[in-house]
Each structure stands twice: as structure tokens, then as C-alpha cells.
Amino acid sequence: MPTRNTKFFSLLLIAADLAVLAIVFAVSYYVRTQLDPRALLHAVYASEYVVGFTIIAPVWLLIFASLGLYTSNIYTRRLVEWSRIILGTFIGILLVVGWEYASNVHIFPARLVALYVFIGSTLAIMLVREILRFIRHELYRYGKGVSRVLIVGNSAATTDILTSLSTTYRSGYQVIAFAGPGKLLPSHLGVAHYSQVEDALRDIKKLRITTIIQTDLYDSEDRNHKILGAAQVNHIQYNFIPGEPEFYTGKNTIDVFLGYPMITVSQTPLIGWGAIFKRIFDFVVSIVLLVPVGLVILMIALLQMVVNPGPVFYLSKRLSRFSNPITLFKFRTMGARYGKKDASLEFEEMGRPDLAEEYRKNHKVTDDPRITTFGKFLRNTSLDELPQLFNVLRGDLSLVGPRPILPQEVNFNPSRTALLHSVKSGVTGLWQVSGRSELSFEERIELELYYAQNWSFWLDLRILFKTIGVVLRKTGAK
């Protein structure tokens, strides 16, 4: 919710970034030209350097702005902000170096100046933003710049918003009053409670309310207009947040359609250029990985033929994006006669109704007797999944995504598995790095739904790096 204070803070960040860049550029130039006795690559006088910075600085700030570094949903998330600062400064340096190469007009007198600027601006901008964040939180703690909020609503989301905004020194919002059912108001908040919204609206001035947040529309159109009208008459901010969770999961866009504001709700943010970039990334990385991994696959295939006679690979029919069927490649880890029908049926045929019942209940078993000794080694080390790189090359799978489910698993929860398959399935995913076999089926679905609805390229990278650690520690693989 962009308030007057968040807009002021964004402007403050722009000014701070500009000041930091000016200082870092100046110090970098001085250190290399005055304190370093080595010869310079190019004769760039101080006046020319200042002119160059004057041209560079606005472009640099535009890069930061395009990365969202002046929007509250980024600068309130420290790790995301840091990663984008690093990316922004790197892009800025590349543009300067590229301009020098293309135009033969030099801005940096030596290569070290570019390095000093990159490292110095990255660290200094992070440090200054941390200081500003600390000052802002301290001001919030003493009630300075805080928005005094009246919350109006009747849904469970209202309780979540009430609780989330109660930490004033972090949120910058102080919940003063709530209009709605008393059962939705957490008892520890100690805010004014109104059963009727009309009573709360009459006390707006007395409570010094500066923001109204409404989470549900009343059946009465007149009542809704009263709330909006009260905000307009008192010249305070009005925000409407849909109480249904479906409106704030995935990727939402707001547009104007036939003169009306229209919210478009997508199942996942992985659409458009994001999907294209993810496919290119998958293809390139899998090609690079197949060079060293190809030898490992060949060695395992030879061992498989010796110690576990039968087909080398296990071809499994699975469902991927939009529940489209794919053939999944894995090294076979079971005996040659198993894996051709539903696991519960195979357990019953083995005379193990206990395992059949365990599988029907948990969709897995703790100790599967169908798995061979060599197969256990492959599973424990996750080497059985290496052939899935060929699925990635074919476009059946992504490197990161929800686990490709068996066709019969669709029946376990049809609505949720449909939403789960709004994105392409993956070789690894959030569930693999969050407990894997220790998680129940429902817990795994919850994690994978979170991934589908909150995808980002940075999330993919974090999962890939965490997967390496999980495989090396052999945690959760069974």
C-alpha cells in the first residue's frame, strides 16, 4: 500500500543512492589517480570524469528503479534487495564499459576504477540502506510517520492482516480500530472494536485515523459507499484488499476494462518472458551438466547391467504441466518385475497387505522390499534421477519445479493437483530441499503449491544450490 511515508522513503532512497554513487565515484578516481603511482591507461581529467558521472548517474538510478529497488515490496525484503543491488551495480558497470568500447570515449582512467566503483558502490549502498532502514524502524517505534489504521472486514484474511500490522515498528502501520465480528479480533491487540462499521466511521476524527483498509464488500452498496465516502470526506487513504486468498496468490495485474478496474488473477507468475527465460536456462544448464554427468550415467548403466540384471532405465508415466502425460527417465531401482502397476496392488500380490495399506494412507512406504541393494544406493545418493536431464533437454521437465505426479495421484486432490500443474514439473523442487521423504503427501503439496504461486528466478537458484547440499548430506532421500 503506497502511502505518503513510503513515497517519501522511496525519494529518500533515490537521493541516498545518488549521494553514495557520487562519493564512491570520487573516491575511486582519487585513490587510483593520486594514491596509486602506476601509469594510467587513459588520460581522463577530473572535469571530464565529473561530466561522465553526471551522464552515468541518471542511467544508474533508472537501472535500480527497473529492478524495483525503490518499491516497498523490494526494499522491505533485505536479501532480495541486496541481490538486486549487486545486479544493478554490475549492469551499470557493464553499460559504462560497453559504452567506452563502442564509442572509444573513456570515462574510467583505469580498469581498477571500474572495480573500485563496483565493489564500493555495492557495499556502500547496502550499508546506507541498512542505516536508513534502522532509522525508519526507530521512528516507527516512537510513532513517527506511522499510519493509523481502521480495518473493516468479515473474513479470516482480516485476522491475518490485523496480526501482521500489529508489529508497528516494522510495518509502519498502527491498528487503531477494527469494525467487524469480534471473533476475528485477536484479544492481545487491544484496539478499539466496533460491531457496526457506521459507528467506527463516526469516530474517524476522534481516533485520528489516516488509513482505512477494507477486506470485504458488504451486500449493501450504500454501506460500501459510506466507507469510501468517509475516506474521501476526511482526506485519508482508502485501500481495498480482497479477503479471498485466490486474489493474492500467483500473479495479479490490474487494468481498466470497459471503464472498470479489472483484476486479472493468474495461477502463477511463471508466464510470459519468465517462462521463456526459464526454458532457455534449463536447456543451457542441462547441456553443460550432461558433459561431466554423461560419464557418470554411462558408468552406472554398466554397473546396473552387472549387479541388477534387467532394463537399465525405469520409464514411468507421469503428469507434468497442465497434467500432460510425459515419460520420465530414471535408473531402475526395483527388481525387474516390479513397477509395472500400482504399488498397493504389487504389495498385495507380495503378501504384504500392511504395506499396501501404508501406501494408500501415506502414498509411500518406509521400507520398500521391491528396491534392490544397488537401487537403495542409487536412491540414497539421488543418482537414480540423473537421466531426468534428458527430460529437461526434451522440455518435458524443468530443472526446478513440482514433482511430476503419477496419474493415479490426481484423484487424491483433483483441485489442488490441477493448480499444482500450472507450472512444469521439475527434477528438483521445494519439497526435496525441505524434508523430502520425511514430509507427508499433503505437506509436499502445500510446498509445491507455494512454489507454483510464488515462482521467481531467485527462488529457482536458491533451490538448486540447496539441492546440492541435500544430496551431499543424503538428507531425506529414501
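Since every read-out is calculated from the coordinates, none of them should be taken as a lab result. Since the structure is predicted, the reported quantities are computational estimates derived from the model, not experimental observations. Because the Cβ atoms are built from the backbone with ideal geometry, glycine has one as well, and the counts that use them run over all protein chains shown.
Helices in the chain that qualify as membrane-span-like (whole DSSP H runs, Cα extent of at least 27 Å along the helix axis, mean Kyte-Doolittle hydropathy of 0.0 or higher) are 4-30, 46-66, 78-103, 111-141, 273-307. Only DSSP H runs of four or more residues enter the estimate; each adds -39500 (n - 2.57), and after division by the residues of the chain the mean residue ellipticity at 222 nm equals -17000 deg cm²/dmol.
Rounded to the nearest angstrom and listed largest first, the equivalent-ellipsoid semi-axes of segment 51-107 from its Cα gyration tensor are 26, 11, 7.
Put the Cα centre of segment 284-300 next to the Cα centre of segment 167-230 and the gap is 59 Å.
With the simple model of a label 7 Å out from the Cα in the direction of the Cβ, Leu40 to Leu115 spans 1.8 nm. From least to most packed, judged by other beta carbons within 10 angstrom and beginning with the fewest, Thr467, Thr210, Thr163 follow the order Thr163, Thr467, Thr210. A value for Rg and Dmax of the Cα atoms in Å was derived from the coordinates, and within the list (1) 24.6, 93; (2) 20.9, 65; (3) 28.8, 87 it appears as (3). With neighbours defined as other Cβ atoms within 10 Å of a residue's Cβ, the residues Val20, Val284, Val149 order from fewest to most as Val284, Val20, Val149. Both numbers refer to the Cα atoms of segment 147-248; Rg and Dmax are 12.5, 36 Å. Amide H contacts of Ile241: Gln214, Thr215, each under 5 Å away and 5 or more positions distant or on a separate chain (H built 1.01 Å from N in the peptide plane; Pro and chain starts excluded).
Sorting Leu386, Leu345 from the fewest to the most surrounding beta carbons within 10 angstrom yields Leu345, Leu386.
Protection proxy ranking of 142-148, 329-335, by the mean of other Cβ atoms within 10 Å over each peptide's residues and highest first, is 329-335, 142-148. Near Ile405, the amide H atoms lying under 5 Å from its own belong to Leu319; only residues 5 or more places off or on other chains count, and H is placed 1.01 Å from N. Taking all pairs of distinct Cα atoms, average 1/r, flip it, and tell me the Kirkwood hydrodynamic radius of segment 27-66 in Å to one decimal place. Radius from the Kirkwood sum: 11.7 Å.
Between Lys330 and Tyr314, Ser316, the built amide H atoms are under 5 Å apart, and every one of these is 5 or more places off in sequence or on another chain. Taking Cα centre as origin and charging only the Cβ of basic (Lys, Arg, +1) and acidic (Asp, Glu, -1) residues, the dipole magnitude of the chain rounds to 780 debye.
Here segment 4-141 is treated as an ellipsoid with the same Cα gyration tensor; its semi-axes, largest first and in whole Å, are 30, 15, 12.
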